[in-house]
1. Mind checking which residues of the stretch 200-214 are farther than 20 Å from residue 369 by Cβ, within 6 Å of ligand 1 (Cβ to nearest atom) and either touching a Gly at 6+ places or on another chain (Cβ under 7 Å) or assigned to a strand (DSSP E or B) (or both)?
2. Could you go through the stretch 136-150 and let me know if any residue there is under 12 Å from residue 8 (Cβ atoms), surrounded by fewer than 21 Cβ atoms within 10 Å (Cβ to Cβ) and either aliphatic (A, V, I, L, M) or at pLDDT below 95 (or both).
3. Filter the stretch 234-250 for residues that are of a type outside the set (Val, Ile, Thr) and assigned to a strand (DSSP E or B); which is farthest from ligand 1 (Cβ to nearest atom)?
4. Determine which single condition residue 221 fails, assuming it passes every other condition in (1) within 15 Å of ligand 2 (Cβ to nearest atom); (2) among the small types (Gly, Ala, Ser); (3) modelled with pLDDT of 90 or more.
5. So which helices (runs of 4 or more DSSP H) stay within the stretch 339-429 end to end and still have 2 or more residues that are surrounded by 14 or more Cβ atoms within 10 Å (Cβ to Cβ) and modelled with pLDDT under 90?
6. Among the residues of the stretch 363-388, which ones are in contact with a helix residue (DSSP H, G or I) (Cβ under 7 Å, 6 or more places away or on another chain) and among the β-branched types (Val, Ile, Thr)?
7. Only one residue in 45, 98 is closer than 30 Å to residue 210 by Cβ, at pLDDT 95 or above and either in contact with a Gly (Cβ under 7 Å, 6 or more places away or on another chain) or outside the structural domain of residue 308 (by TED's automatic domain parsing) (or both), so which one is that?
Amino acid sequence: MNRKVIAVTVNIEDDNKIVDSKKDIENKIFELENLIEAIGDETVINITQNKDKIDKSYYIGKGKALEIKDYCQKLSADLVVFNNELTGSQVKNLEQLIEAEVIDRTNLILDIFNQRAKTKEAKLQVKIAKLKYTLPRLSMLRSGFSRQQGGIGTKGVGEQQIELDRRTISSQIASISSRLKEIQKNRNETRKKRVNSKNNIISLIGYTNAGKSTIMNKLISYNKEENSITKEVFVKDMLFATLDTYVREGKLLNGQNVMYVDTVGFVSDIPHNLVESFKSTLEEIKYSNLLLHVIDISNTNVDKQIEITNEMIKELNCEQKDVIYVFNKTDKLLDENIKLQYVNLKNKVFISAKNDKDIVILLKEIEKVLFSKAKNTKLLIPYDKQQLVNKILEHYIPKNVQYLDNGSMIEISLKKEDYEIYKGYEINE
Ligand SMILES: Nc1nc2c(ncn2[C@@H]2O[C@H](COP(=O)(O)OP(=O)(O)OP(=O)(O)O)[C@@H](O)[C@H]2O)c(=O)[nH]1
Ligand SMILES: [Mg+2]
């Protein structure tokens with residue numbers, strides 16, 4: 001959008017809060033700059049402040065806010081972006097004092113998603129997240145600086161009007177939700193077909209810009225039949241290049257067909273509304289047999305990025321799934337010793353997606369994890385133990401399920417440890 005932006009990061013040294021380290025703060029500032037760049041704007045100055053407590057009216061100290069106003073005028077800045085989440089009234093107060101538009105990091109991320117969303121589903125998901133973000137901030141919208149200039153609200157509009165807006169937004173949310181449900185119904189149908197095809201499904205997940213889509217493209221083009229066309233997924237050096245879930249077919253080293261799923265990247269402090277909105281797209285992960293957790297090992301913030309992805313895996317109830325840690329971008333790694341920190345992780349590879357040979361290393365690991373631990377079995381579970389069937393179906397895609405007179409017959413490939421739990425129900429035919 002080519003705006004000149006002042007980036008503001010406040011570090012609250014509250015007694016109750018674990019204080020961020022200097023490195024954490026630096027990473028936060030760097031990431032905000034990247035987010036600003038991702039929407040096409042330019043950071044003209046970074047302002048930071050350490051504070052004991054959040055200022056109720058301005059979040060930052062009033063003196064510092066006046067300093068920002070000065071910078072705004074001197075540098076002809078168009079926008080001030082806070083790295084911290086602001087309330088509606090803080091935005092309003094800051095805009096009145098600074099006399100420029102003020103947004104927070106959450107709002108910025110929502111704007112990036114809005115700009116990038118391509119499919120109908122992604123567009124609606126972002127729209128819902130934006131409306132939910134707006135709802136508690138309506139009073140701000142009615143009197144805020146930029147919005148007033150933009151002509152959305154008029155001064156002195158009363159509570160009645162806000163209530164009216166609230167109702168309008170709530171009904172918009174309801175109507176978009178039902179449209180999304182329709183789209184999701186179709187998605188479920190497509191997924192059912194995919195799951196029924198019995199091909200292994202492998203999902204790539206991880207922090208934004210780690211290289212998921214690049215690896216996906218390498219995987220799908222490996223061992224490709226001559227003349228077959230594979231539609232590559234979009235790759236770019238920017239945050240949130242991928243917003244939708246993409247499914248493509250590929251082949252393993254042994255020639256077996258698999259489905260690869262590329263997903264939206266994560267970021268720290270991802271707005272909760274956005275996570276909620278995108279959950280249905282991310283649900284695809286639930287139906288996969290294996291997760292490839294892609295990590296940019298050359299990034300200065302590797303551990304935090306791994307932690308954030310692991311939290312998302314948990315939130316999606318997928319922590320039981322097999323994971324391969326794919327440490328990517330080794331070609332950019334300045335210190336090889338960094339790898340040593342991760343040698344104890346169970347399934348891992350160190351690769352560079354830029355190096356064609358490395359894809360074979362990854363494919364070998366995929367086959368190892370997919371095939372070494374599986375135990376093929378047939379279980380007959382009586383109907384009074386239906387909860388066991390539900391539990392199995394939560395984590396597995398069975399090869400076959402039949403409802404017989406004396407119980408559910410499930411033909412399935414179980415992990416060894418799960419086989420130990422269910423082997424009492426095994427039947428030999
Ligand atoms: N040097 C180097 N660059 C890489 C490697 N893998 C990916 N990249 C680059 O990193 C950038 C991001 O790659 P993507 O594949 O779009 O990353 P992503 O994880 O899909 O990102 P999002 O879709 O934004 O979540 C691109 O410019 C890639 O060319 C690698 O192994 N080495
Ligand atoms: Mg991507």
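1. Result: 208, 209.
2. No; the residues of the stretch 136-150 include none that is under 12 Å from residue 8 (Cβ atoms), surrounded by fewer than 21 Cβ atoms within 10 Å (Cβ to Cβ) and either aliphatic (A, V, I, L, M) or at pLDDT below 95 (or both).
3. 249
4. (1)
5. On the way: elements: 356-372, 386-395, 416-422.
Counting at least 2 such residues, we get 386-395, 416-422.
6. Those that are in contact with a helix residue (DSSP H, G or I) (Cβ under 7 Å, 6 or more places away or on another chain) and among the β-branched types (Val, Ile, Thr): 377, 381.
7. 45
Matching residues to (1) out of contact with any strand residue (DSSP E or B) (no Cβ under 7 Å at 6 or more places or on another chain); (2) assigned by TED's automatic domain parsing to the domain that holds residue 204:
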{"site": "326", "(1), (2)": "no, yes"}
{"site": "329", "(1), (2)": "no, yes"}
{"site": "348", "(1), (2)": "no, yes"}
{"site": "358", "(1), (2)": "yes, yes"}
{"site": "362", "(1), (2)": "no, yes"}
{"site": "366", "(1), (2)": "no, yes"}
{"site": "391", "(1), (2)": "yes, no"}
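The values are calculated or read from the model by the stated rules, or taken from the named source; none is laboratory data. Because the structure is a prediction, the values reported are computed rather than measured. Methodologically, a virtual Cβ is constructed for each residue, glycine included, from the backbone with ideal geometry; neighbour enumeration extends over all protein chains shown.
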